[in-house]
1. Residues of segment B:80-126 losing 30 Å² or more of accessible area relative to the isolated chain, 1.4 Å probe, heavy atoms only?
2. Comparing the chain by itself with all protein chains present, which residues of segment B:6-30 are at least 30 Å² less accessible (probe 1.4 Å)?
3. Would segment A:60-102 count as rounded, prolate or oblate if I go by the C-alpha gyration tensor, calling it rounded below 1.5 in a/c and otherwise prolate when a/b exceeds b/c, oblate otherwise?
4. Select from segment A:64-148 those GluC sites (Glu not before Pro) which occupy a DSSP coil region and have at most 12 other Cβ atoms within 10 Å, ordered by residue number.
5. Around B:V53, which amide H atoms from residues at least 5 apart in sequence, or from another chain, sit under 5 Å from its own amide H, with H modelled in the peptide plane?
6. Tally up the carbon and sulfur contribution to the accessible surface of the protein assembly as shown as a whole percent, 1.4 Å probe, everything protein left in place.
7. To the nearest 0.05, what FRET efficiency results for A:D136 and A:E75 with a Förster distance of 22 Å applied to their C-beta separation?
8. What FRET efficiency comes out for the pair B:V46/B:A94, r = Cβ-Cβ distance, R0 = 41 Å, nearest 0.05?
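The values are calculated or read from the model by the stated rules, or taken from the named source; none is laboratory data. Quick caveat: nothing in here was measured; it's all calculated off a predicted structure. Neighbour counts are summed over all protein chains in view; Cβ atoms, including those assigned to glycine, are modelled from backbone coordinates with ideal geometry. Just the protein is used for accessible areas: all its heavy atoms, side chains included, with ligands, DNA and RNA removed. Shrake-Rupley method; radii C 1.70, N 1.55, O 1.52, S 1.80 Å.
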Amino acid sequence: MNVQQLDTRVIDSVVTEVLESMVFLGAEPAGDFDWGGGALCWSSIDLHTPVVGEMVIAVQEQDAAELFELLWAGERAPEPAALRALLEEVANAIAGQAQAQVDPSATAGLGLPTSGSGAFTAQGPADRRHSYTLDDGKVVGLLLRELV
Amino acid sequence: MANVLIVDDSPTARMLVRRCLQIAGYGADQMFEAEHGRAALDVLRVQSIDLAVVDLNMPVMDGRTLIRFMRSSPRHNSIPIIVVSSLVNDTAAAELVAMGASTVLKKPLSPAAMASAIAELQGVAA
């Protein structure tokens, strides 16, 4: 199944469940995430089966640091590598749950998440962009795109 | 009281498992961590482990391979294994249990799910 066929309702339900569980904030599929503006912290993961494509999740770096504080409660310093590790885990959880829900009879498959910070520029006209607003006003961006 | 081995390549995920175990009231003597299956085998070689909490999608050696190694080892084949993964549906859970996982939980993990899984394992062991 091509990533363009992934049902928005599946994405929305998985994203809201994962964000609420991991950073303890409700999330609504609303808002407008600016992929081209400011310094971002992002994580990308390849979708292997049953959906084929790539998923990217991103937040503003400052927002990533605040989410990190919510999760770690001061136990660990919000260093850049640690922020990216958090985003990788969020991406892994969202992508995995989405894959598992698309076809409950299939063995779901993912690549390993990668991450980065700074600008995120690789966008094409076929990219699907989603935004989620958290209870505290932070906006999380999610991008789905074909690999080939 | 027990020694727990947490196997996940994500430090965030390992911390969440640790916290869930603590909130669930699972009194571990020591929690050992490994970032992939191969590193977990190194821990198993030198430590006595009573419970393993294992992710699936990891570099170097994934969770399925680690489970196969553990279940093929006379020394480690009775250690309860809780698989924690985002890649879980009914099909995957059945496959993992057939492979040797004691129970399978979905990421992101909750303390309630962990407590329930441990209670179930203790019931089986009793």
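1. Residues meeting the cut-off: B:S86, B:L87, B:N89, B:T91, B:K106, B:K107, B:P108.
2. B:P11, B:T12, B:M15, B:L16, B:R19
3. It is prolate, given that a/c is not under 1.5 and a/b is the larger ratio.
4. Values: sites: A:E66, A:E69, A:E75, A:E88, A:E89, A:E146; in loops: A:E75, A:E146.
Answer by residue number: A:E75.
5. Residues meeting the amide H criterion: B:L5, B:I6, B:V7, B:I82.
6. Details: 5930 of 11370 Å².
Heavy-atom surface of the protein assembly as shown belonging to carbon and sulfur, 1.4 Å probe: 52 percent.
7. Numbers: r = 20 Å, r/R0 = 0.93.
Efficiency, from the Cβ-Cβ distance: 0.60.
8. Details: r = 33 Å, r/R0 = 0.81.
Calculated value: 0.80.
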